[in-house]
Amino acid sequence: MRTPIADFVKEYANNSGCRFHMPGHKGQAFLGCEAFDITEIKGADALYEAEGIIAESEKNATALFGTARTLFSTEGSSQCIRAMLQLAVGYERKKTGNTVRPYVIASRNVHKAFLYAAALVDFDVVWLYPKEMHSLCSCFIAEEQLEAELCQQRQLHHGRTPAAVYVTSPDYLGGQLDIAALAKVCHRHDTILAVDNAHGAYLHFLEKPKHPMDLGADICCDSAHKTLPALTGGAYLQISKNAPAYFAKHAKQAMVLFGSTSPSYLTMASLDLCNAYLADGYEKRLTETVQKLSEVRKTLREIGWNVEETDPLKLTIKVTDGLTGTALAGMLRTAQIECEYADEEYLVCMITPENTAGDFERLLLALQKAWSLLDVDLKEAIACDGKTERIRQPQLKPVKCEQKGTIRETIFAGQEMVKASDALGRVCGAPTVSCPPAIPIVVPGEVINEEAIKLFTYYGIEQVAVL
């Protein structure tokens, strides 16, 4: 497969011309990659008016993912999230003649980029909470629950459907929703399904494809840089062949609303090279990696670790009282292993085909050693998922707070920073949360309650913005 962007920047880097254009480093090696870092010079095309090498590379990606249109982002899935909500709301306003205020039904474990999209695009949000809340990061929504919520909201909104149903899958802990079932529910109600698939760009290339575009979703974001060999910030906006034609037609307009006029050519070149990588035996390498990780999970479960069921490229270990995920991450760090995420209850490692056999061996040995250092009672508690006679601390769950104002009017209102411990009863002004996981504890416009204060403490948040 041709790699037109990467070929262009390499050829330009190898010529002996003088650079009387941006960037200011002029191709000189301060970090080492500067020669390939260019701007929109002649022949380099332009991301938001693409008709040359960038357009060709995006068409290659479109063919690889089997979509109606795949667009590049150099600003991560955050840009794509804003763009797909702009498209959903724009399409809804077109249908209704802009006579009613749009709303979106969303799972509560959204990334904070969703909240900024709500402020910028200006729509109301109806939150979906799982029947059983296990973590701030996860929000399991069954098709029956979504069906009931859509019926209820149609009654409350006088027969009007939401501009979109928006869910996160896989979530930060690796949990997956039944996207195919949720898509069918959405389509029965004449609305679209939008998916934050930031952690699942690779899913299309499994032996049995499980990407949202394969399962019936209408639009999604993929963070290529999370699971594919792309530079940080490289992402895709994916539009299904079944989505309204409006989406593909207006996608570039939506992306440019939220994108820099100086997109990174380094990131675009990495997405371009990723096309060739995906086209050349990636499915086989992915299958082998999924199998290796499956064997590691099996071994760890046999030892006694409580390994969660997750998407194929995550290793998520749930701990219990007496050991935190953060402490376990520290134990791995002594073996020069850095995990993706850890909190009081979980440790998460993300794996790709670029992890070597040596990486797997080191991880397994480190977790075996960590297990050997635990006392007998703690091993029993972990193996039984904490269901022993030990006193277990109550889990902290996502909270439900009273909504006092819209997300838009709150975010753009005057705010002040206060100690989290002094925020009880105040209206949240900004989605303050640690990153990762960047999932809001309290949404702007909501009144901060006692449960929210506990979560602030849990995640180490000392100050919050309030009205």
Among the hydrophobic types (A, V, I, L, M, F, W, C), at pLDDT below 95 and on the phi < 0 side of the Ramachandran plot: is that true of Ala29 in this structure? yes
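Looking for something at positive phi, within 21 Å of the chain's Cα centre (by Cα) and either of a type in the set (Phe, Trp, Tyr) or not assigned by TED's automatic domain parsing to the domain that holds Thr457 (or both) - is there at least one such residue anywhere in region 169-176?
Within region 169-176, the first condition is being at positive phi, and the residues that meet it are 174.
Among the residues that remain, those that are also within 21 Å of the chain's Cα centre (by Cα) are: 174.
Right, trim to either of a type in the set (Phe, Trp, Tyr) or not assigned by TED's automatic domain parsing to the domain that holds Thr457 (or both) and you get 174.
Within region 169-176, one or more residues are at positive phi, within 21 Å of the chain's Cα centre (by Cα) and either of a type in the set (Phe, Trp, Tyr) or not assigned by TED's automatic domain parsing to the domain that holds Thr457 (or both).
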Can you give me the number of residues within region 186-213 that are outside any loop (DSSP other than H, G, I, E, B) and over 22 Å from Val89 (Cα atoms)? 5
Any residue in region 68-84 that is surrounded by 18 or more Cβ atoms within 10 Å (Cβ to Cβ), part of a loop (DSSP other than H, G, I, E, B), touching a helix residue (DSSP H, G or I) at 6+ places or on another chain (Cβ under 7 Å) and at pLDDT 95 or above? yes
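Limited to region 18-39, what total is found for residues that are part of a loop (DSSP other than H, G, I, E, B) and under 29 Å from the mean Cα position of the chain (by Cα)? Talk me through it step by step, then tell me what you get.
So in region 18-39, the residues part of a loop (DSSP other than H, G, I, E, B) come out as 18-33, 37-39.
Those left that are additionally under 29 Å from the mean Cα position of the chain (by Cα): 31, 33, 37-39.
Here the count works out to 5.
Can you tell me which residue in region 440-466 is farthest from Tyr346 (Cα to Cα), limited to those that are assigned to a loop (DSSP other than H, G, I, E, B) and touching a helix residue (DSSP H, G or I) at 6+ places or on another chain (Cβ under 7 Å)? Spell out how you get there, then give the answer.
Filtering region 440-466 down to residues assigned to a loop (DSSP other than H, G, I, E, B) leaves 440-445, 448-449, 459-462.
Those left that are additionally touching a helix residue (DSSP H, G or I) at 6+ places or on another chain (Cβ under 7 Å): 440-445, 461-462.
Numbers: Pro440: 18, Ile441: 17, Val442: 21, Val443: 24, Pro444: 27, Gly445: 30, Ile461: 18, Glu462: 22 Å.
Among residues in region 440-466 that are assigned to a loop (DSSP other than H, G, I, E, B) and touching a helix residue (DSSP H, G or I) at 6+ places or on another chain (Cβ under 7 Å), the one farthest from Tyr346 (Cα to Cα) is Gly445.
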Taking region 284-308 and keeping residues free of Cβ contacts under 8 Å to residues at least 12 places away in the same chain and in contact with a strand residue (DSSP E or B) (Cβ under 9 Å, 6 or more places away or on another chain) leaves Lys298, Arg301, Val307
With out of contact with any Gly (no Cβ under 9 Å at 6 or more places or on another chain) and in the same structural domain as Glu92 (by TED's automatic domain parsing) as the only criterion, which of Ala254, Ala248, Ala224 stands out? Ala248
List pairs: first in region 29-58 and within 18 Å of Ser16 (Cα to Cα), second outside any loop (DSSP other than H, G, I, E, B) and of a type in the set (S, T, N, Q), Cβ under 9 Å, 6+ apart or cross-chain? Ala35/Asn14
Single residue of Ala118, Ala180 found to be touching a helix residue (DSSP H, G or I) at 6+ places or on another chain (Cβ under 9 Å) and without any contact (Cβ under 8 Å) to a residue 40 or more places away in the chain: Ala180
Kindly provide the set of residues from region 214-253 that are free of Cβ contacts under 8 Å to residues at least 60 places away in the same chain, among the small types (Gly, Ala, Ser) and either part of a helix (DSSP H, G or I) or surrounded by 24 or more Cβ atoms within 10 Å (Cβ to Cβ) (or both), ordered by number. Ala217, Ala224, Ala230, Ala245
Return the pairs, sorted by first residue and then second, in which the second residue is assigned to a loop (DSSP other than H, G, I, E, B) and among the β-branched types (Val, Ile, Thr), the first residue lies in region 98-115 and is assigned by TED's automatic domain parsing to the domain that holds Leu193 and more than 14 Å from Pro444 (Cα to Cα), the beta carbons are less than 6 Å apart, and the residues are 6+ apart or on different chains. Ser107/Ile141; Asn109/Ile439
Only one of Phe65, Phe72 is touching a residue at least 24 places away in the same chain (Cβ under 8 Å), touching a His at 6+ places or on another chain (Cβ under 6 Å) and within 18 Å of Ala251 (Cα to Cα); which? Phe65
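The values are calculated or read from the model by the stated rules, or taken from the named source; none is laboratory data. Note that the structure is predicted; figures quoted are calculated from it, not measured. Cβ coordinates were reconstructed from backbone atoms using ideal geometry, including for glycine residues, and neighbour counts include every protein chain displayed.
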